[in-house]
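Every read-out reported here was derived from the displayed coordinates using simple, explicitly stated rules and does not represent laboratory data. Note that the structure is predicted; figures quoted are calculated from it, not measured. Every residue, glycine as well, gets a Cβ built from its backbone with ideal geometry; the counts of neighbours run over all protein chains shown.
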Amino acid sequence: MKRIVLWFVSTLSAVVLLFSYRTSLSSAPATTTSVTTEKPVGSSAATSTTPSSATPTTTAAAPATSSTTRTVTGSEVETRYGPVEVQVTVAGRKITAVQVLEYPSGGRSDRINAIAVPELVSETVGAQSARIDMVSGATYTSNGYTSSLQSALDQVGL
Amino acid sequence: MSSTTLAPDRPTARYVAHVMNMPISLAMRGIHAFDAPGQRAWQRVIEELREVDRIFSTYRPDSSISQLGRGEIQLGDCPAVVREVLALGERARIESLGAFSIWRPLADGTLRLDPSGVVKGWATQRAAQHLAVLAHTDYCLSAGGDMTCRTLEPGAAPWRIGIEDPFDPARIRAVVPIGTGAVATSGGAHRGAHIYDGRRGTTPDRIASVTVVAESLAWADIDATAAFALGLDAPDWLRQRPGRSGVLVWADGRTETVAASGS
């Protein structure tokens, strides 16, 4: 029950953040606004500074006067070479330019490290002390399963 | 956001079933980990994998893939997913410089259509979609040691994946923490020498096992199989694959880690 309350509160604060963000956008004078939509995937927990998924994807529907020109970065597109960000320039309510940004090599570290690298463990570390959740090995078959490490993990149940 | 209130040791629900002659292990954390919707999603995962087995198992003479391989039916007679898998296999062949092949030579010299190097990862990733619809629930779904994981909260503990020592299945050689992503391992253990180097027509023997980490399990599986087949060329090949990292255990016991390329 407590977990559900906390989830509700956090969702509520996310919604509040969302609305307060849009308010500040509409009252801003003609300046450049940069909003980055972070994809909440692929990152191992350790050093990620991914903002919460409450950060909105900005579209051309944001209210503004006709004299306001804004450049907005967002709408990340997944390509086979990795994520690519699209930069959109908006004048008033009209998109005047769309540009695909080069993904900078050596850029944001939370993106570069989005795919974790395996860390070797010393010979003396057993599975128990490694605190693992799942075992990856060259295809377990059902025949060998009962004596396997994975089976020991599956039975722990917690 | 109160992400820090999610304790790193949330209880983990465990489920196991046997499909395709493989143990399918599921670990779940979060709202639906233990309840009826979670269990229903797990049942759908198993059904999906059983359906894939009916279509693709080379051990079933009546599967679509077996009949197709013997020329008894046409591709048009097969479910659409067969085409999808074969197309993936062709792309894998090209990108692996021919090392990965969905044609396996039998003892008598004939070739048997065997896309199992593609099917396992592809099917497991598809089946995991039934878990993805569970709100606020994290999962790690493993089919015989190849797995796909999802973690929703940025602050939650990732899934810790142990990479088995190919010389001693009771030991762990490396650990990789995965929030959302996939891990697949290829090697000669457990199922014997079933991988074939499509370039040279030989059974690779330089690598004991290779583990690939990627966003997609279909591609982690393909790349692990391809890397195993590539043998000595595997590290260089893996390093130029976008968004993959991994670890190789050579037949002589040395290990080599591959970090993901930046672009």
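So here's what we get for this one:
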read-out: Taking B:Thr151, B:Thr202 and counting other C-beta atoms within 10 Å, the order from fewest to most; value: B:Thr202, B:Thr151
read-out: Contour excess over end-to-end distance, with Cα ends at B:Thr255 and B:Asp205 and 0.36 nm allotted per residue; value: 16.5 nm
read-out: Whether chain B is rounded, prolate or oblate, judged on the alpha carbon gyration tensor where a/c under 1.5 counts as rounded; value: oblate
read-out: Magnitude of the charge dipole, region B:1-132, Cβ model with Lys/Arg +1 and Asp/Glu -1, debye to 20; value: 260 debye
read-out: Cβ-based exposure ranking for A:Ser142, A:Ser122, in which fewest neighbours within 10 Å come first; value: A:Ser122, A:Ser142
read-out: Residue-span extension gain [B:Gln74 to B:Gln39] - 0.36 nm each, minus C-alpha spacing; value: 8.8 nm
read-out: Environment charge of B:Asp138, counting only residues whose C-beta is closer than 12 Å and scoring Lys/Arg +1, Asp/Glu -1; value: +1
read-out: Simple Cβ-charge dipole of region B:223-263, Lys/Arg +1 and Asp/Glu -1, about Cα centre, in debye nearest 20; value: 140 debye
read-out: Dipole magnitude of region B:123-210, debye to nearest 20 (Cβ charges: Lys/Arg +1, Asp/Glu -1, about Cα centre); value: 220 debye
read-out: Options B:Ala36, B:Thr58, B:Val85, ranked by Cα towards positive dipole end of region B:36-105, top entry (Cβ charges); value: B:Ala36
read-out: Residue with peak Gaussian network fluctuation, chain B [Cα springs, cutoff 10 Å], from B:Val52, B:Val16, B:Val210; value: B:Val16
read-out: Computed lengthening from B:Leu232 to B:Val16, 0.36 nm per intervening residue step minus Cα-Cα distance; value: 74.2 nm
read-out: Packing-based exposure ordering (other Cβ within 10 Å, fewest first) of B:Trp103, B:Trp42; value: B:Trp103, B:Trp42
read-out: Two-site label geometry, A:Lys94 and B:Arg54: point separation in nm, points 7 Å out along Cα→Cβ; value: 5.7 nm
read-out: Förster radius 41 Å - calculated FRET efficiency between B:Asp108 and B:His136 (Cβ-Cβ, nearest 0.05); value: 0.15
read-out: Of the DSSP H helices in chain B, those whose Cα atoms cover at least 20 Å axially and whose Kyte score averages -0.5 or more; value: B:80-95
read-out: Loop GluC sites (Glu not before Pro), region B:1-108 (other Cβ atoms within 10 Å of the site Cβ: 15 or fewer; DSSP); value: B:Glu72
read-out: Anisotropy class of region B:15-77 from Cα gyration tensor, a/c 1.5 cut; value: prolate
